[in-house]
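The values are calculated or read from the model by the stated rules, or taken from the named source; none is laboratory data. Nothing here was measured: the structure is a model prediction, and the numbers come from that model. In this analysis, Cβ positions are derived from the backbone assuming ideal geometry, glycine residues included, and neighbour counts consider all displayed protein chains.
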């Protein structure tokens, strides 16, 4: 395990490198990344308003030190819709909170490295072409497509539903082998 400026970095993925258009690294962090970090990474650090709300909700004491260093930005509606569409295709739509959608949309919009330990966020990010990096946990190895099976009639659905359209039973997710 290597300690890199507060990162708990396990050596599985390289830390994000500067992009082609700039000489510094731009990051978007979700709440799980901020909970795992001891210090903020060097470069521009962006969060969404939803991430700040979650940090305040859980009364994270580091927020009083970090609040002035974090750039709070909201993504545009087109970026949010793109995330929702990709999440529907991968089957992650039921796994993502509104804050998760905001974080993914912002990372795509500003072309930033996304720091998160959330596997569903990493899954959607990879499909969108956003570079995710784990902070306290190893990142995903492959993109996963989820399907949903009815617990009653056993019908398999490509998309999540509140309950089975055929028999009304609940649905359970499973990894697709396709």
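Among the residues of segment 135-147, is any outside any loop (DSSP other than H, G, I, E, B), farther than 27 Å from residue 169 by Cβ and either modelled with pLDDT under 95 or under 10 Å from the mean Cα position of the chain (by Cα) (or both)?
For segment 135-147, residues outside any loop (DSSP other than H, G, I, E, B), farther than 27 Å from residue 169 by Cβ and either modelled with pLDDT under 95 or under 10 Å from the mean Cα position of the chain (by Cα) (or both): absent.
Taking segment 99-115, which residues are buried (at least 21 other Cβ atoms within 10 Å of the Cβ) and within 15 Å of residue 75 (Cβ to Cβ)?
100, 101, 102, 103, 104, 105, 106, 107, 108, 112, 114
Considering each residue of segment 148-159, count those that are outside any strand (DSSP E or B) and under 26 Å from the mean Cα position of the chain (by Cα), and give that number.
The initial filter retains those residues of segment 148-159 that are outside any strand (DSSP E or B), namely 151-155, 158-159.
From what is left, the residues that are under 26 Å from the mean Cα position of the chain (by Cα) are 158-159.
Count: 2.
Taking the options 87, 94, name whichever one is touching a strand residue (DSSP E or B) at 6+ places or on another chain (Cβ under 8 Å) and not in a strand (DSSP E or B). Walk me through how you get there before you give the answer.
Values: 87 fails: touching a strand residue (DSSP E or B) at 6+ places or on another chain (Cβ under 8 Å).
Of 87, 94, the one residue that is touching a strand residue (DSSP E or B) at 6+ places or on another chain (Cβ under 8 Å) and not in a strand (DSSP E or B) is 94.
For residue 162, are the conditions met, namely being closer than 21 Å to residue 53 by Cβ and over 14 Å from the mean Cα position of the chain (by Cα)? Step through it out loud before you land on a result.
Working: closer than 21 Å to residue 53 by Cβ: no; over 14 Å from the mean Cα position of the chain (by Cα): yes.
Answer is no for this residue.
Looking at 50, 43, which one is at positive phi and either in contact with a strand residue (DSSP E or B) (Cβ under 9 Å, 6 or more places away or on another chain) or without any contact (Cβ under 8 Å) to a residue 60 or more places away in the chain (or both)? Quick ask: steps written out before the conclusion?
On the way: 50 fails: at positive phi.
Going through 50, 43 in turn, the sole match is 43.
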